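Here's the structure we're looking at; comments come further down.
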Amino acid sequence: MKPSRVLEQNIAVFGASGSGKTVMLSSFYGATQEPQYRQNNLFHVVADDAGQGTRLHQSYLGMKNSARLPMSNHFSATSYSFSVRLKDEPDAKAMKKKPFDALRLVWHDYPGEWFEQNVSGPEEAQRRIDTFKSLLGSDVALLLVDGQRLLDNAGEEERYLKALLATFHNGLLSLKDDLLEDGKPLVEFPRIWIMALSKSDLLPNLDVFKFRDLLIEKAGDEMADLRQVLAGLVEGSDALSVGEDFVLLSSARFDAGKVEVTERIGLDLILPLAAVLPFERHLRWAELKLLPAKVGEKLLSGAGALAAVLVGIKIKRPGPIGPVLKFVGLVLSQEVLNDAAKLAGDRLQVLHAEALAKRDYLTAALTRFKIDLEAGEEKRIFIRSLR
Amino acid sequence: MSLIWATRGRNWGFRFLRDGGFQDPLPEYDSVFSGVEDEPEAWRRVAEKVALRFPDPLGRKDAAGRVIPHEFVAFGPLAEGVDTVADGLRLIWPLVAEEFARVWERPRPPSSGG
C-alpha cells in the first residue's frame, strides 16, 4: 500500500498528569489486538512502528494480567501512528476508484506535566513546543476531565473543574507566541474540542448529559474563557466547537489489585470521532458559511474524499492523495457532500449493509463509524454539538 | 555531586531534583536512558555512567495512585560499584532518601540543585 493513498487523521488528547492519557492509548491499541476485536471488525489496527506496537501491547497486557499501570512519559512525547487496514484484500479495480484506501490515526502522547509546571530546561522547553505544534495540527482534540478528581471533589466539583480549565487556558496562552509563526493564526488546528470524562467507570450514575450539565453549571465561565483563547489561535474562529461535544471514556475498571481491561467505555468511539466527526462538522460550517475561503479549501478537501467513499461515488482519476482530494472537493456538488454528512438512521444502516454485501470494506468501515457515533448517543455516552 | 535524580511528588510532576551540575540535565539523562525499557526497575551502564530506575522504596504514590519512580544518572566515582538495581538502592538511595521525605508531599515542586 502506497502511503500516498492513506488519509491521515491526528488526534490530540489533552490531559493533566495522571488523568489517564497513556492508559487510554494502551487500552485503545491493546483491545484492537484481542481475538474478538479482530473477528468483529472490518479492519485491523496496526502500529506503523512494530516496536511501538509491541510496547503498547505489552502495557495493555501488563494491565490485563498483572494490574500494572503503564509508565508515564518522562520529559518527552511520543507520537504513535496506527494504520486502519481493511481486513480482506479489496477488489483492486474498485479500490483504484476510491480517493484513498486506508486511514491512519496519529495519536500524540506526552507528559501531562507540560501544562502544569515549568520544564526542566531549554531542551524540554523545545520538545514541549514541538509537541504542542503537532497536537495543534490535529482535527479533533479531547480535553480530559479526570473522573477520580471529580469524585475526590464531590459536592464542590467546581474547585477541580475551574482549576483544570484554567490550567489548559493558561498553558495555551503562555505558549501562544511560540505556537504561532509570526503571530499569524493557524489554519490547521483542532476545531472540535471534545470534553471527555476519563475514568468514567468511577461515576456510574453520571451519564453524558449529567457530565455536560456539571461542566456548564460549575465551570461555564472557564469554558467560555478557554474558547476565547483557542479562538485567538485560529484562522476563521467562527468555525470552532469548544465544549459542545461531550464523551464518557473509561479505559478499564480498576479494582483493588485487578484491572478489568474488557470493561471499557467509549474507546470504540475514538476512531469514529477522529475520522467522521470532523467531516460532518466541516460540512455544516461550510453550509452555514462560517469558513473563510482558505480554511474551507483546506477542510473540505478531506471532506470530499470521505463523502465520495460514504455515498459510494466513483472517481475517475486515482493518484497521490493531495491532488485527488482537491479534485473530489471540486467535483462533488454541495448536495452530495451534505447528503453524505447527514447520512443517518435507517438509510445509513442500508448503505452499510449494501457495502458489506459488495465487500466494499472501506465504505462499510466508514458507515460503521457513523453508526457507532449514533449508538454512542443512544447509550448516553456521547453528545454531538447541535450547532 | 555527580548525580542526576529525577522523580515526582504526590502532586507535582516528574522533574529533576539533582542536576549533577549540568545547566540542562536532560541531554545527559537522555544519553543513558534512551532505549531503556519501560520497566519499573532498570539498570544500565553506558560508558562511565549508570542509569538506574526503581520504584519508591517506601511505596509512596502520586495523586493518581501510581507508585513513584526514581531515576538516576550516576557518574564518576559514584557510579563505580553500582552494578545492579540492588546496588543502587544500597549506595545511591541513602543519598537522597531524606530529601525526598521532606519534599514529596509539598503542593509545589522544589527546585533542582546539586
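Can you give the Kirkwood hydrodynamic radius of the stretch A:1-104 from its Cα pairs, in Å with one decimal? Mind showing how you got there, number by number?
Working: mean 1/r = 0.0651 Å⁻¹.
Roughly 15.4 Å, rounded to one decimal.
Cross-link candidates for A:LYS218: which aspartates and glutamates have Cα within less than 18 Å, leaving aside residues fewer than 8 places away along the same chain?
Hits, sequence-local ones excluded: A:ASP146, A:ASP152, A:GLU156, A:GLU157, A:GLU158, A:ASP207, A:GLU244, A:ASP245.
In degrees, nearest 10, range 0 to 90: what is the angle between the Cα axis of helix A:50-66 and the longest Cα principal axis of chain A?
50 degrees
Report, by chain and number, residues whose modeled amide H sits under 5 Å from the one on A:VAL234, excluding near sequence neighbours (fewer than 5 apart, same chain).
HN-HN under 5 Å from A:VAL234: A:LEU186.
What translational diffusion coefficient, to the nearest whole µm²/s, does the stretch B:3-102 have by Stokes-Einstein, given a Kirkwood radius computed over alpha-carbon pairs, a temperature of 25 °C and 0.890 mPa s viscosity? Walk me through the intermediate numbers first.
Numbers: Rh = 13.6 Å.
Result for D is 180 µm²/s.
Could you name the lysines in cross-link range of A:LYS379, using Cα to Cα under 22 Å and dropping any fewer than eight places away on the same chain?
Qualifying lysines at Cα under 22 Å: A:LYS199, A:LYS210, A:LYS342, A:LYS370.
Report the equivalent ellipsoid semi-axes for the stretch B:58-99 in whole Å, largest first, defined as the square roots of five times the eigenvalues of the gyration tensor built from alpha carbon atoms.
23, 10, 9
Give me the percent of Cα-Cα pairs in the stretch A:92-154 that sit more than 13 Å apart, rounded to a whole number.
Details: 1481 of 1953 pairs.
Tail of P(r) above 13 Å: 76 percent of Cα pairs.
Grab the alpha carbons of chain A, take their convex hull, and tell me the volume per residue in Å³. Kindly include the intermediate steps, with their values, before the conclusion.
Values: hull volume 53.5 nm³, N = 387.
Convex hull volume per residue, Cα atoms: 138 Å³.
Taking amide H positions as placed 1.01 Å from N in the peptide plane, with prolines and chain starts having none, which residues 5 or more places from A:GLY15, or on another chain, fall under 5 Å of its amide H?
A:LEU144
How many angstrom lie between the Cα centre of the stretch B:77-114 and the Cα centre of the stretch A:367-387?
Here the two parts' Cα centres lie 50 Å apart.
What's the ranking of A:110-123, A:13-26 by average number of surrounding C-beta atoms within 10 Å, highest first?
Working: A:110-123: 20.2, A:13-26: 24.9.
Those peptides, ordered most packed to least, come out A:13-26, A:110-123.
Among the lysines, which fall within straight-line cross-link reach of A:LYS298, defined as a Cα-Cα distance under 19 Å, with same-chain neighbours fewer than 8 residues apart omitted?
A:LYS133, A:LYS184, A:LYS289, A:LYS326
Just so you know, all these numbers are worked out from the coordinates, no wet-lab data involved. Fair warning: this is a prediction, and the values are worked out from it, not measured in the lab. Virtual Cβ from ideal backbone geometry, glycine too; neighbours counted across all protein chains shown.
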